[in-house]
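A.B. asks: Following this message is one structure expressed as structure tokens.
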Amino acid sequence: MSPKRNVAIIGCQWGDEGKGMVVDVYAAKADMAVRFNGGNNAGHTVVVKGEKTVLHHLPSGILRPKCRCILGAGMVINPQVLLEEIDKLTSRGVRITESKLVISPKSNVIMPYHIRLDTAREAAAGSAKLGTTGRGIGPAYQDRSARTSLRFGDFVYPDALRSHLENVMPEKNFMLKNYYGVEPFSIDELFKQASRWAYRLKSFVGPAEDMVREAVEKNKRVLFEGAQATMLDVDHGTAPFVTSSNTIAGAICIGIGLPPSYIGDVIGVAKAYTTRVGAGPFPTELKDEKGDRLRNAGNEFGSTTGRPRRCGWLDLLVLHYAKALSGIGSLAITKLDVLDGFESINICTGYRLKGKMIKKVPARISEWQQVAPIYKAISGWPGTVRNCKRFQDLPREAKNFLHFIEDEMKIPITLISVGPGREETILRRKPFE
Ligand code: IMP
């Protein structure tokens, strides 16, 4: 089964790297686009007929007539939000048929009680809150691990849905009412509401994982769209300030049921600087006017929650870690234009921890909280990179910046985004080649 033409797009930092833009470039040539983790905590903006829409579950491939879209077993799916996405696209002329969109019966449903538990838990945690997106992600994955989740294949059958609710709701309601002091749910109301969603989504449920496996075996162009990013991985990220799913390339194997040997190219996406939303360690964070400048120039406000993102310099230790965990073979560097006009740009090449220099990210949260960045300063460039169409058009200093990253990372940068528009992308290698 060689050569493998599938490509995985993985975020290298704390999310919001601009994966959507890279995915768009690949989706244009893909036969299949696959989500394997996360839920509607993700969000990427697409433009349909001049109007902006944020997709939370659906891969960008949904806009491409020849690209089949798969929501895999590793996902948690909010049926109400998914229907809103489908309805919005349909009203703008995008045809979403059962052969276009396939939902795994093994994926897990985010129910209204997951969302209420998520927000109640965050409120109760006070200053120790994680800063979740409030979409019910943690409680839904918690149910999966506890073997009390509602799987999509059961959700769409009224008898199974009813009996699931009767099994789990006494405990959920007890927690909501007695522990968190918030409103419990009526099983009847919940059933009525969820049945309406299930009725509309039933026909989309199909053998998603078989389809992906067969597509890879037939050497189709399969695009795996990672959600969130390496440092938010539930096992390998900055726990507990992480999401509740695995986000590294290995999650494709689990989330789709794909043999590890089937994974092809892994492209790591990183911003030319770093951002993070929510709480948790962020060694290169800038809490001064430079941070504000990055936020404003990069429009760093969440597409899912609208929250302002924390901003800071590029951290190569984080990128090295992402490369090691996911087997990243090339990099896409996004939002280079946001660094326009900085006289000097810092890149973190090491941390100082308890007076010693370290070259790898720590494992323990207490150490994460103590590390201080060690920077290499690089000259900024005059003017803007926005009009550059080819690598050679970039200012000398911008090329130096990118060459420095390549030399340190020992992998090529194959895509550079120099502005928010789809066409503002420098491609140094054609997609799937
Ligand atoms: P949750 O995934 O909603 O439980 O949130 C857990 C942490 O992951 C919080 O810090 C969120 O801000 C962060 N997070 C979740 N999804 C994304 C994303 O798509 N981009 C950036 N951060 C995210």
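None of the figures in this text is laboratory data; all of them are computed from the coordinates on show. Keep in mind that this is a model prediction, so the values were computed, not measured. Here the Cβ is made from the backbone with ideal geometry for all residues, glycine too, and neighbour counts use every protein chain on show.
A.B. asks: Rank the residues PHE36, PHE401 as a footprinting-exposure proxy: fewest other Cβ atoms within 10 Å of their Cβ go first.
C.D. replies: Ascending Cβ contact count within 10 Å gives the list PHE401, PHE36.
A.B. asks: I want to check the label-to-label distance for GLN142 and LYS430. Put each point 7 Å from Cα in the C-beta direction and report it in nm to one decimal.
C.D. replies: 5.0 nm
A.B. asks: Once each part is reduced to its C-alpha centroid, what is the distance from the stretch 336-414 to the stretch 119-143 in angstrom?
C.D. replies: 33 Å
A.B. asks: What's the ranking of 22-30, 328-336, 290-298 by average number of surrounding C-beta atoms within 10 Å, highest first?
C.D. replies: 328-336, 22-30, 290-298
A.B. asks: Same structure again: Distance between Cα centroids, the stretch 160-186 to the stretch 62-87: provide it in whole Å.
C.D. replies: So the two Cα centres are separated by 27 Å.
A.B. asks: Please compute P(r) over all alpha-carbon pairs of the stretch 168-310, binned at 10 Å starting from zero, and give each bin as a whole-number percent.
C.D. replies: Final binned percentages: 9, 22, 25, 28, 15, 1.
A.B. asks: Set the Förster radius R0 to 25 Å, insert the Cβ-Cβ distance between VAL48 and ASP292 as r into 1/(1 + (r/R0)^6), and round the FRET efficiency to 0.05.
C.D. replies: Using R0 = 25 Å, I get an efficiency of 0.15.
A.B. asks: Turning to a different aspect of this structure: What does the charge add up to near TRP313, with Lys and Arg as +1, Asp and Glu as -1, over the other residues with Cβ less than 11 Å from its Cβ?
C.D. replies: Overall, the nearby charge balance is +1.
A.B. asks: At a Förster distance of 22 Å, what's the computed FRET efficiency of ILE411 paired with LYS376, Cβ-Cβ distance as r, to 0.05?
C.D. replies: 0.75
A.B. asks: Considering the chain as a Gaussian network with a 10 Å cut-off on Cα pairs, which listed residue, ASP233, ASP87, ASP315, attains the greatest mean-square fluctuation?
C.D. replies: In this elastic network of the chain, the residue with the biggest mean-square fluctuation among ASP233, ASP87, ASP315 is ASP87.
A.B. asks: Another question, if that's okay. Compute the FRET efficiency between ILE96 and ARG352 as 1/(1 + (r/R0)^6), taking r as their Cβ-Cβ distance and R0 = 60 Å, and round to the nearest 0.05.
C.D. replies: It comes out at approximately 0.70.
A.B. asks: For a label point 7 Å from the Cα of ALA324 along Cα→C-beta, name the residues of the stretch 404-430 whose backbone N is under 14 Å from it.
C.D. replies: Taking a point 7 Å out along Cα→Cβ of ALA324, the residues of the stretch 404-430 whose backbone N falls under 14 Å are 409.
A.B. asks: Moving on. Which value at 222 nm does the chain reach when only helices count, each DSSP H run of 4 or more adding -39,500 (n - 2.57), with the total divided by all residues and rounded to the nearest 500 deg cm²/dmol?
C.D. replies: Per the formula, -9500 deg cm²/dmol.
A.B. asks: Pull up the cross-link candidates among the aspartates and glutamates for LYS192, meaning alpha carbon to alpha carbon under 14 Å and not fewer than 8 places away within one chain.
C.D. replies: Result set, ordered by chain and number: ASP159, GLU166.
A.B. asks: Once Lys and Arg get +1 and Asp and Glu get -1 on their Cβ, which of GLN369, LEU394, PHE432 lies farthest toward the positive end of the dipole of the stretch 298-433?
C.D. replies: The Cα lying farthest towards the positive end belongs to GLN369.
A.B. asks: Using the Karplus curve 6.51 cos²θ - 1.76 cosθ + 1.60 with θ = phi - 60°, what ³J(HN,Hα) values do you get for each residue of the stretch 406-420, in whole Hz, with x for Gly and Pro?
C.D. replies: Karplus-based 3J(HN,Hα) across the stretch 406-420 equals 4, 5, 5, 7, 6, 9, x, 9, 9, 9, 9, 9, 10, x, x Hz.
A.B. asks: Could I ask something else about it? I'd like the Karplus ³J(HN,Hα) series for the stretch 148-160: coefficients 6.51, -1.76, 1.60, θ = phi - 60°, whole numbers in Hz, and an x wherever there's a Gly or Pro.
C.D. replies: 10, 8, 9, 8, 4, x, 8, 3, 7, 10, x, 5, 5
A.B. asks: Let me ask you something else. Hey, fewest Cβ within 10 Å first, where do CYS311, CYS253 land in order?
C.D. replies: CYS253, CYS311
A.B. asks: Please check: in the Gaussian network model of the chain (C-alpha springs, under 10 Å), which one of ALA272, ALA128, ALA198 has the largest mean-square fluctuation.
C.D. replies: ALA128
A.B. asks: In addition: First select every other residue whose beta carbon is under 11 angstrom from the beta carbon of ASN219; then total the charges, Lys and Arg +1, Asp and Glu -1.
C.D. replies: Taking every Cβ under 11 Å from that of ASN219, the sum is +2.
A.B. asks: Can you say what percent of the DSSP beta bridges in the chain, counting only those with both residues inside, are antiparallel? Round to 5.
C.D. replies: In the chain, approximately 45 percent of DSSP beta bridges are antiparallel ones.
A.B. asks: Oh, and also: Return the single residue from GLN369, GLN193, GLN392 with maximal mean-square fluctuation; model: Gaussian network over the chain, springs between Cα atoms under 10 Å.
C.D. replies: Between GLN369, GLN193, GLN392, it is GLN392 that shows the largest mean-square fluctuation.
A.B. asks: Mind checking the angle between helix 187-201 and the chain's longest principal axis? C-alpha axes, 0 to 90 degrees, to the nearest 10.
C.D. replies: 60 degrees
A.B. asks: Which whole-number percentage describes the relative contact order of the chain, with Cα contacts under 8 Å and a sequence gap of 6 or more?
C.D. replies: 20 percent.
A.B. asks: Under 14 Å from the 7 Å Cα→Cβ point of VAL182, by amide nitrogen: which residues of the stretch 152-172?
C.D. replies: Inside the label zone: 172.
A.B. asks: Could you tell me the ratio Rg/Rh of the chain? Both radii from Cα atoms, Rh via Kirkwood.
C.D. replies: That ratio equals 0.97.
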